[in-house]
């Protein structure tokens, strides 16, 4: 049963373009996340966000920024994509922190940068 | 180095057989989650554990926080069990979750 929805499923773009990925959760959770999964399938946290606090992984380049209109939505914008941004971006949510609550993931957005 | 290491990295099983996947932590984990990523890319949560064991159908998981490891046992493997299994160690002290390196499982007919 899907409760974390991501769009688009795939996106192909060229170096230097701006892209934006959407994520919505219908679980009523208060915390949302963006993860990056590289070609070796390693999952790394990029951002976690609830209505009080944005936590940024310090390794994330500044061209990445999360955007939230309410606690059910957390979008991801990349201002000027680079080849190393090619990856699968996974959105997740939890009720409270992910270390003490179950994480629910969306199906992912696969980005290819040409 | 890897703070959460999974073994084996890849595994092939005949349908109907059993197997165990392992996750070793070099961080102080208070919770563990196990996920299955199917070939389409969706990550499905299998278990959320505090120290102890849980069972769900053909799957059983154990988490030993003192010895810093967790296991996932698959009984009577089915074709639909194929995919990549991830464990994720959580620390309630730091509120951080660290994912393991994954085990790619292929169940053969």
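The values are calculated or read from the model by the stated rules, or taken from the named source; none is laboratory data. As the structure is a prediction and not an experimental result, all values here were calculated from the model. As a convention, Cβ positions derive from the backbone with ideal geometry for all residues, glycine included, and neighbour counts pool all protein chains shown.
Sort out which residues of segment A:80-96 are over 12 Å from the mean Cα position of the chain (by Cα), within 12 Å of chain B (Cβ to nearest Cβ) and surrounded by 19 or more Cβ atoms within 10 Å (Cβ to Cβ), and write them in order of number. The answer is A:94, and nothing else.
Checking each residue in segment A:39-63 for being within 19 Å of residue A:112 (Cβ to Cβ), within 13 Å of another protein chain (Cβ to nearest Cβ) and outside any strand (DSSP E or B) picks out A:39, A:40, A:41, A:42.
If you go through segment B:12-70 and keep only what is part of a loop (DSSP other than H, G, I, E, B) and facing chain A (nearest Cβ under 10 Å), you end up with B:29, B:30, B:38, B:40, B:41, B:42, B:50. Could you grab me the full set of residues in segment B:1-50 that are over 14 Å from residue B:103 (Cα atoms) and surrounded by fewer than 12 Cβ atoms within 10 Å (Cβ to Cβ)? Listed by number, the residues that qualify are B:1, B:14, B:16, B:18, B:40.
Please tell me if residue A:111 is assigned to a strand (DSSP E or B), within 13 Å of chain B (Cβ to nearest Cβ) and either modelled with pLDDT of 95 or more or in contact with a strand residue (DSSP E or B) (Cβ under 7 Å, 6 or more places away or on another chain) (or both). In short, yes. Here is the figure for segment B:60-109: residues that are closer than 17 Å to residue A:40 by Cα and touching a helix residue (DSSP H, G or I) at 6+ places or on another chain (Cβ under 8 Å) total 1. So how many residues does segment B:71-103 have that are outside any strand (DSSP E or B) and in contact with a strand residue (DSSP E or B) (Cβ under 6 Å, 6 or more places away or on another chain)? Counting residues in segment B:71-103 that are outside any strand (DSSP E or B) and in contact with a strand residue (DSSP E or B) (Cβ under 6 Å, 6 or more places away or on another chain) gives 7.
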